[in-house]
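Inspection log for the structure reproduced underneath, given as structure tokens.
The values are calculated or read from the model by the stated rules, or taken from the named source; none is laboratory data. Values in this document were obtained by computation on a predicted structure and should not be read as measured data. Cβ placement follows ideal geometry from the backbone for every residue including glycine, while neighbour counts extend to all protein chains displayed. These area figures cover heavy atoms from the full protein model, side chains too; ligands, DNA and RNA do not enter into them. Shrake-Rupley method; radii C 1.70, N 1.55, O 1.52, S 1.80 Å.
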Amino acid sequence: METKLVELIPMLQKGRAKLPASKHLMVLSALPADQRRALQEAWPSIPVGTRRSLMSTLAEMAESDVDADFGAVFRLALGDDDDAVRLAALEGLWEDEDAALVPTLVRLLNADPSTNVRAAAAVSLGRFAMAGELEELNPKMTAVVREALLAAIRSQDQDVDVRRRALESVSCMSGDDISDLIRAAYRDKDEWMAVSAVFAMGRSLDETWAPYVLRELKNARTEIRFEAARAAGELELTDAVPTLLEMLYDPESEVRDVAIEALGNIGGESALQALAELAKSDNESIRHAALEALEIARFNEDPLAPEVLSWLFDREAAERGSEDDEWDDDWDDDGDEDDDLELEDKED
């Protein structure tokens, strides 16, 4: 028998260590207005540990079931007294494109007591910034998003994590003022602002930033190299291919992964040859990353004949041995990176 909300609420209020089974929690999907009000009234009486567990569990359920809609619960949780619950609620709403959410996100960005929640709100506003730039959001709401993000970046009262996430989100929008903020962040004394500046260069899709991105591909700092590789792919910088090929042997696995993705976005003969070799690897994670990059290249340029791509995917489906070749051993050998290394000197 299907569990009703009036039955579920008492279960949650008991605060047991283990949540009710997923089949019982499905009653929270697509809640009608009267049931939303009932849950809101009962919400404060649900123990905070249960509320936290509920947020993470509902997010997992929504990810595995496209028909599940827990948006009403996540929105309710944005007003929770607990920082962790509000943060989890924001993460649960990461695909929500309803413009009615914008005022709440702006309020959280401006006034939430938690730095993590303010930073997450800045990230969430990024999808609305993109929608506005693509003219998929009405101009008035687009202006609200833009101004809120710009104000957060310029505010010296905001934590650097909030300012840099706001920069990343607004960077997809056009305007000389935004370019100036990216440039200032690139030169900022705080190294994390510089990391976000390189991210923003790629998200801007403005090839003006190409010289900066190409330079930072060889930065000593792992986070800068990572963002530069991603930016090179987003900007489709063919001049970056030789360095990206070298980055396939980077000591940091996340840098190697993003270099593979960038090569797929850029395409070209040398990039595709390298990806085709990686797609033969016995290492499953390398093989999958290369195959995904080749698929991106196929959609962007259709450079591979159908029979070649079919062969690559046949290899993916085939039974593979567990022994890695020399490339794979080198790939999995993570070196230690000194995160405290200074950024290289910046050119004007």
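A few comments on the model shown:
- Extended-chain gain in nm, criterion 0.36 nm per residue less alpha-carbon gap, ALA38 and GLU147: 35.7 nm
- Summing Lys and Arg as +1 and Asp and Glu as -1 over all other residues whose Cβ lies under 12 Å from the Cβ of LEU134 gives a net charge of -3.
- Estimated purely from DSSP H runs of n ≥ 4, each contributing -39500 (n - 2.57), the mean residue ellipticity at 222 nm for the chain is -19500 deg cm²/dmol once divided by its residues.
- Pairs of Cα atoms in the chain fall into 10 Å distance bins, from 0 up to the last occupied one, in shares of 5, 21, 24, 25, 19, 6, 0 percent.
- Seen from PRO20, the other residues with C-beta closer than 11 Å to its C-beta sum to a net charge of +3, counting Lys and Arg as +1 and Asp and Glu as -1.
- Segment 1-123: relative contact order in percent, alpha carbon pairs under 8 Å with at least 6 residues between: 21 percent
- Choice from SER171, SER124, SER45 with maximal GNM fluctuation in the chain (Cα, 10 Å cutoff): SER45
- Per residue, segment 17-115 exposes 52 Å² of accessible surface when a 1.4 Å probe is rolled over the protein heavy atoms with every protein chain present.
- Karplus 3J(HN,Hα) series, Hz, for segment 34-49 with 6.51 cos²θ - 1.76 cosθ + 1.60 (x for Gly, Pro): 5, 6, 4, 5, 5, 5, 4, 5, 7, 3, x, 8, 8, x, 4, x
- Rolling a 1.4 Å probe over the protein chains gives ASP180 an accessible area of about 90 Å².
- Taking the protein heavy atoms of segment 1-110 in the context of the full set of protein chains, the accessible area attributed to carbon and sulfur is 49 percent at 1.4 Å.
- Per residue, the average separation of C-alpha pairs within less than 8 Å and at least 6 apart gives the chain a relative contact order of 9 percent.
- Taking the longest Cα principal axis of the chain as reference, the axis of helix 284-301 is set at about 80 degrees.
- For ARG146, the shell of other residues with beta-carbons less than 10 Å away shows a net charge of -3, using +1 for Lys and Arg and -1 for Asp and Glu.
- Taking Cα atoms only, the orientation of helix 191-203 departs from the longest principal axis of the chain by about 80 degrees.
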